[in-house]
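Engineer: Got a structure for you, written out below as structure tokens; questions coming shortly.
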Amino acid sequence: MTGIALAAAVLTGCAADPAPAAQQAAPSSSSMDPAAAVAWMNGFCGAVKDFIEGNNKMPSASGETVEAVKKSTSDQLGHYAAILTKTVDALGALPAAPVPAGDAAKREFLAKYTSARDKTVKAKAGLDAAGKNDTVAQGRAVDGLIAAQKDTHGALDPVAAVLGAPELKAAAATAERCRP
């Protein structure tokens, strides 16, 4: 779970200045409503922030028997699937971004969280369908959880995803949900 601790550190730097190349990437849109950009960034950052907070509350795997470990792993997978579903729903509910870079970031994050959710749901279903002492199913479930976590690791910093859009970068600096 060190990736999640890293994500919290990444979100801490939400208002940091980007590399000079990122500052030049996109032209400014003078007709864009700054309030709309802030509202959109609040939604985008909020979906990711809620995921990170939910992930930090992930129950630990524990148990003295294979059956007890299976149950705790199933509980972990269920928790992870629930927070991933909430994240996918929140990202999917976002309106069109005020600039194309926002829509591109949304598509990228939505694809990663959807893939992670699908892997988690599949891993949980396989584990829950297995016999109570099936250690092979337990191993597959853990592998599925790890694969899902790898998908989300690339989508933990919503601000970095929009640094090429000066309008969204500026909006992120004042959007409350983009703050640590």
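Engineer: Given R₀ = 30 Å, what would the calculated FRET efficiency be for Thr135 paired with Lys86, taking r from the Cβ atoms and rounding to 0.05?
Structural biologist: It comes to 0.45.
Engineer: Report, in listed order, any pair from Lys71/Lys106; Lys49/Lys132; Lys106/Lys150; Lys106/Lys132; Lys86/Lys169 with a Cα-Cα distance greater than 28 Å.
Structural biologist: In this structure, Lys71/Lys106; Lys49/Lys132; Lys106/Lys132 lie more than 28 Å apart at Cα.
Engineer: In Å, what Kirkwood hydrodynamic radius results for segment 23-180 from the alpha-carbon pair distances?
Structural biologist: Every distinct Cα pair counted, the radius reaches 16.7 Å.
Engineer: When only Cα pairs under 8 Å and 6 or more residues apart are kept, what is the percent relative contact order across segment 101-180?
Structural biologist: This gives 38 percent for segment 101-180.
Engineer: Quick one: which of 132-141, 87-96 comes out on top by average Cβ neighbours within 10 Å, and what's the full order, highest first?
Structural biologist: Top of the packing list down: 87-96, 132-141.
Engineer: Continuing with this model, one more query. How many nm separate the modelled label positions at Asn56 and Ser72, each set 7 Å beyond the Cα in the direction of the Cβ?
Structural biologist: Placing both labels 7 Å beyond Cα along the Cβ direction yields 2.3 nm.
Engineer: With all protein chains present, how much of the accessible area of segment 66-135 (probe radius 1.4 Å) comes from carbon and sulfur, to the nearest whole percent?
Structural biologist: 60 percent
Engineer: Here is a follow-up. Give the peptides 123-131, 41-49 in descending order of average Cβ contacts within 10 Å, highest first.
Structural biologist: Answer by packing, highest mean first, reads 41-49, 123-131.
The values are calculated or read from the model by the stated rules, or taken from the named source; none is laboratory data. The model shown is predicted, which means the values in this text are computed figures rather than measured ones. No Cβ is skipped: glycine too gets one built from the backbone with ideal geometry, and neighbour counts run over all protein chains shown. With ligands, DNA and RNA removed, areas are computed over all heavy atoms of the protein, side chains included. Shrake-Rupley method; radii C 1.70, N 1.55, O 1.52, S 1.80 Å.
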